1. Report, to the nearest 10°, how far helix 195-208 tilts away from the longest principal axis of the Cα atoms in the chain, using its own Cα long axis and a range of 0 to 90°.
2. Within the stretch 68-90, what residues put their amide N at less than 18 Å from the label point 7 Å along the Cα-to-Cβ vector of residue 199?
3. Once the Cβ-Cβ distance between residue 206 and residue 2 is put in as r, and R0 is 41 Å, what FRET efficiency do you end up with, to the nearest 0.05?
4. Where does helix 80-90 land angle-wise versus the long Cα axis of the chain, in degrees 0 to 90, nearest 10?
5. Above 14 Å lies some portion of the pair distances; for the stretch 37-113, what is it as a whole percent of all C-alpha pairs?
6. Order 235-241, 17-23, 188-194 from most to least packed using the mean count of other Cβ atoms within 10 Å.
7. Enumerate the residues in the stretch 136-171 having an amide nitrogen under 17 Å from the point lying 7 Å beyond the Cα of residue 88 toward its Cβ.
8. Starting from 0.36 nm per residue, how many nanometres of slack lie between residue 28 and residue 45 once their C-alpha separation is accounted for?
């Protein structure tokens, strides 16, 4: 069995450890897994797609390659407004999301690009001047607006492999930031989901037929949780920091099982 793990050149440099890990685990179960940073050519049983580019994913599918995750997952996960629409359709509690070219919530609120990730291109606006400054940098159609929700910079990321919950982590941002991202200096701890939360994340994964994703929920001070984003590709640093299993091993075994069906 032969496959490729696909990254952009820049992300391949940032993720060398994970790439080596998945290649090692693939070899253990008889899969030859090459790294590709350009359009694959030749016969491949699958492509583990680790880029944030739905157009490239769609091109690869049209060329006949089996992708993990599918381009349709990419299209939802890399568009935060479509993620909100999905949550609304499924009845999942979510952070209310607006299109700035049509409507804005009351200040303070958060402006984000629809395709940003890792806490990048996220701006907390307290004043009209803040809003004008952000809007001058981006096309309004590329932004979303969300009310600022007091959460002590805490959220939960749930890691899904198919409809199986690999694990969940609670992320807490540094004291001087409203962002909870682990890669921005936040802390992480293991988080246990209750029955209702388990049902909600499995509902999302089944609805979009995802393979390996992260689902992020804010933790408002008044309780409960609110869907904020879906991450594809999702990084596993916080999961490795809080759990004692190999994500790469589970991922490669999952792919082999799906291909052998």
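Throughout, read-outs are computed from the coordinates displayed, never taken from laboratory work. It should be emphasised that the depicted structure is a prediction, and the values quoted were computed from it without experimental measurement. Note that we place each Cβ from the backbone using ideal geometry, even for glycine, and neighbour counts take in every protein chain shown.
1. 60 degrees
2. It comes to 87-90, nothing else.
3. 0.90
4. Tilt relative to the chain: about 90 degrees.
5. Numbers: 1977 of 2926 pairs.
Result: 68 percent of Cα pairs exceed 14 Å.
6. 235-241, 17-23, 188-194
7. Label zone hits: 141-147.
8. Answer, rounded to one decimal: 4.4 nm.
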